[in-house]
Amino acid sequence: MIVVVTGMVGVDKKSYLEAVVEMCRLRGKNVELASVGEMMYAEAPDIPAGKILDISLKRLQSLRRCVFKDIIAKSKHVEHLIVNTHATFRWRHGLFPAVDFDQMRLLNADMYVCVIEGADILHVRLTKEHPIKHSLKDLLVWREEEILGTEMLANGVRDGVPFYALARGSDTSTVEAFYRLLFEPRRARAYLSFPMTHVVDMPQVQQELVNFRNVMKEHFICFDPGDLEEAYLPVYARRAEAAGKDHIEINVLGKPVKFDLKEVLLVERDVNSQIYARDFMLIDQADMIISYIPAGPDGRALISSGVERELQHAHEAAKEEYVIWTAKHEPSVFITQTATVFRSLDEAVEFFRAKGKIKIERQPW
């Protein structure tokens, strides 16, 4: 199997994919990792670290083609290969491709995965590791370009090649999801749907949602919007604005980070539009949607407009729909008419087990 993995600068794909390869090794899968950037630096030792995108486009393309030629040759002699690359670059040269279609056709990958990350985390990594200046708007644009570029590449190389967008996340559950995409294709793919922004100040509900997500990730290949959560940025910005502040301070990768209030509010519309489009894309690449609707302090259902719209999109896309409804009152007919409804998480798990959707017991990570 050959898998091409893309992702914009700042995602830190290398360490993530090394974790994937290690998980594969521990489970008896021999997977090789070819990192295009590292190979290009090895091919041109005169180029200082971090400066390869500053060389002429002609030399950059020549180096890239040389490295891909080696990767294509290597792919003929290994059992499984992950190619760590980019689909696009936006640098001082402007926007330009990071691959060539003729070589990608020769590579003939079996799957394309675009690893994505939240703008807050991208900002911290890029500030630390790269000299080029960026704004939050830049990060949102670069990420969108990389997703679209990868999808177009997959569609243009060969019909029917699977393409997935997968959030990197902050724990090993997304490494597990990546492994399952590669080696457990019969395992069901689930989009996890649950209220997010308007329950941010409800610790008990938050813990319920964490438990729901963890249990689902034990059994399915999960596309979890909570692994890339940035809708809280404009929410916090509006609170700061009301309090007369000019910045917000949040914890990112274990460190306090300040964001300018005006910059955050400037990208609010972009953040919201990308969440809207990205969540629908994740539903489309899943087999089913599983929605968890918690009960609030008064016992009433905390169902958000976002969850309702996701369920509607899943219905229109002919996906299996499941709803875990924990509130005391009965769900609306608009829920029961299209979805299988459970009144607890345990009831849902037993149903999936009885239907044969859960065949593998809990896996520790």
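Derivation of every value follows stated rules applied to the coordinates shown; laboratory data play no part. Just so it is clear, the model here is predicted, and its values are computed rather than measured. Note that each Cβ is placed from the backbone with ideal geometry, even for glycine, and that neighbours are counted across all protein chains shown.
A compact table of results
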{"item": "Label point distance in nm, E18-A243, each placed 7 Å from Cα along Cα→Cβ", "result": "3.8"}
{"item": "Farthest positive-ward along region 289-365 dipole, Cα basis, beta-carbon charges - from A295, V333, F351", "result": "F351"}
{"item": "For region 120-239, Kirkwood radius (reciprocal of mean inverse C-alpha pair distance, Å)", "result": "16.8"}
{"item": "Gain upon complete extension [V215, N108; 0.36 nm per residue less C-alpha separation]", "result": "35.0 nm"}
{"item": "Simple Cβ-charge dipole of region 1-185, Lys/Arg +1 and Asp/Glu -1, about Cα centre, in debye nearest 20", "result": "400"}
{"item": "Prolate/oblate/rounded label for region 1-49 (Cα gyration tensor, a/c 1.5)", "result": "prolate"}
{"item": "DSSP beta bridges in region 187-365 [antiparallel fraction, %, rounded to 5]", "result": "30"}
{"item": "Degrees, to the nearest 10: 136-157 long Cα axis against longest axis of the chain", "result": "80"}
{"item": "Point-charge dipole on Cβ atoms (K/R +1, D/E -1) for the chain, about Cα centre, debye to 20", "result": "760"}
{"item": "Most fluctuating residue given options F212, F163, F351, as computed from a GNM of the chain linking Cα atoms under 10 Å", "result": "F351"}
{"item": "Choice from A314, A190, A49 showing the highest fluctuation, given a GNM over the chain with Cα pairs closer than 10 Å", "result": "A49"}
{"item": "Diffusion coefficient, µm² s⁻¹, Stokes-Einstein with Kirkwood Rh over alpha-carbon pairs of region 175-219 at 10 °C and 1.306 mPa s", "result": "131"}
{"item": "Degrees between helix 119-129 axis and first principal axis of the chain (Cα, 0 to 90, nearest 10)", "result": "30"}
{"item": "Cross-link pairs beyond the 19 Å C-alpha cut-off, checked among K13/K319; K319/K357; K51/K255; K14/K128; K217/K357; K51/K133", "result": "K13/K319; K51/K255"}
{"item": "Convex hull volume per residue in cubic angstrom - Cα atoms of the chain", "result": "148"}
{"item": "Relative packing of 13-20, 181-188, which averages over residues the other C-beta atoms within 10 Å, highest first", "result": "13-20, 181-188"}
{"item": "Of all DSSP beta bridges in the chain, antiparallel share, percent nearest 5", "result": "25"}
{"item": "Three-way shape call for region 43-187 based on the alpha-carbon gyration tensor, with the a/c threshold at 1.5", "result": "oblate"}
{"item": "Value at 222 nm in deg cm²/dmol, rounded to 500, when DSSP H runs of n ≥ 4 in the chain each add -39,500 (n - 2.57)", "result": "-14500 deg cm²/dmol"}
{"item": "Net lengthening on full extension, D54/Q204 (0.36 nm per residue, minus Cα-Cα)", "result": "49.0 nm"}
{"item": "Residues I121, I324, sorted so that the one with the fewest Cβ neighbours within 10 Å comes first", "result": "I121, I324"}
{"item": "Among E151, E176, E22: highest mean-square fluctuation, GNM of the chain, C-alpha pairs under 10 Å", "result": "E22"}
{"item": "Over region 187-365: Kirkwood hydrodynamic radius from C-alpha pairwise inverse distances, Å", "result": "17.6"}
{"item": "Three semi-axes of the equivalent ellipsoid, region 237-298, Cα gyration tensor, whole Å, largest first", "result": "29, 18, 13"}
